[in-house]
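Everything below concerns the one structure shown next.
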Amino acid sequence: MAEEKLPLSLNPITLDLSWQDPEDNLARIRSQVAIRLKKNPKADPEEQLFLFPELTLTGFVTEDPPSYAVEPPHAHLEALSAIAKENRTAIAAGFPEANPDDENKPFNTMILIGPDGLPVARYRKTHLFTWGENSESKSYASGTGGIVASYRGWSVGFATCFDIRFPPLFHAYAKEAVDLILVSACWIGGPHKTYQFKTINSGHAILSQAFVAAVNRCGRDPFFHYDGAEYLFSPFGEDLYAKVPCRLDPRELDDARKLTVRPSDRAVYAIRRV
């Protein structure tokens with residue numbers, strides 16, 4: 001029997017991340033959570049889930065990321081948990097996670113923390129960005145695949161930035177019938193980049209028959225600029241987010257899944273040139 005889905009409202013929140021300054025970024029997270037909750041006093045904080053950009057505590061650090069790598073228990077992660085607990089709300093945020101097998105290559109990790117301040121799940125980015133002299137793929141270790149967690153009765157999957165360019169990850173989430181996919185990003189600016197981020201995430205919502213919440217950082221770091229995109233796509237690919245908390249409607253999942261796609265899956269799609 002399926003677990004009852006409790007009310008869940010998404011808040012994808014962009015931030016102009018402070019470069020290599022976890023303390024300042026924690027202050028920015030705290031401020032944004034407080035501001036958003038104050039703007040919506042009738043909303044139940046425990047129903048809210050705040051999604052922040054990739055590597056929220058540091059920005060997209062690829063030069064000497066081990067200097068910023070942390071693992072529980074650590075003051076920065078405890079401070080993040082305290083923000084969730086004090087506000088009785090859920091937070092998904094990112095940080096460089098210390099790698100016990102290679103101290104020189106941390107993981108690019110997203111953590112989901114519940115209103116009780118306890119971690120629900122940690123996802124390690126699977127596909128690392130390969131561009132640049134100090135590329136992410138040279139500086140970080142990759143995770144081994146997707147994670148599915150149950151939160152308030154919703155089946156939740158995770159992806160980070162460059163992951164969205166790899167459909168098999170989302171195909172796997174679709175096979176697991178996830179209800180919601182959280183996507184955090186430091187998706188760099190440039191020609192077509194805003195269009196790509198929006199369109200790819202919308203497409204994943206349609207093809208996965210799931211909600212997709214996606215957020216990109218805003219502002220600049222020493223190397224790149226970012227567009228500050230905030231989206232919540234329905235299972236039909238419609239952007240539902242209007243800068244206020246958006247409650248997920250389980251009926252949209254049911255309606256989208258009337259088209260039974262998964263039985264047509266194939267393990268391998270052979271391509272033949274003619």
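The values are calculated or read from the model by the stated rules, or taken from the named source; none is laboratory data. Given the structure is predicted, the values throughout are model-derived calculations rather than measurements. Glycine also receives a Cβ, built like all others from the backbone with ideal geometry; neighbour counts cover every protein chain displayed.
What the table shows:
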read-out	value
Single unsatisfied condition, ASP116 versus (1) of a type outside the set (Gly, Ala, Ser); (2) under 23 Å from PRO245 (Cα atoms); (3) over 14 Å from the mean Cα position of the chain (by Cα); (4) buried (at least 18 other Cβ atoms within 10 Å of the Cβ)	(4)
Identity of the residue in the stretch 132-147, surrounded by fewer than 18 Cβ atoms within 10 Å (Cβ to Cβ) and under 17 Å from the mean Cα position of the chain (by Cα), that ends up nearest to PHE107 (Cα to Cα)	SER142
Options ALA242, ALA256: the member that is exposed (fewer than 11 other Cβ atoms within 10 Å of the Cβ), under 27 Å from VAL215 (Cα atoms) and of a type in the set (Gly, Ala, Ser)	ALA242
Selected residue (criterion: surrounded by the most Cβ atoms within 10 Å (Cβ to Cβ)) from residues of the stretch 68-79 that are without any contact (Cβ under 8 Å) to a residue 40 or more places away in the chain and of a type in the set (Gly, Ala, Ser)	ALA69
Residue ID - modelled with the lowest pLDDT, chosen from residues in the stretch 255-269 that are part of a helix (DSSP H, G or I), out of contact with any helix residue (DSSP H, G or I) (no Cβ under 7 Å at 6 or more places or on another chain) and under 19 Å from ALA205 (Cβ atoms)	SER264
Residues (farther than 13 Å from THR14 by Cβ and either in contact (Cβ under 8 Å) with a residue 60 or more places away in the chain or touching a strand residue (DSSP E or B) at 6+ places or on another chain (Cβ under 8 Å) (or both)) located in the stretch 207-219	SER208, ALA210, PHE211, VAL212
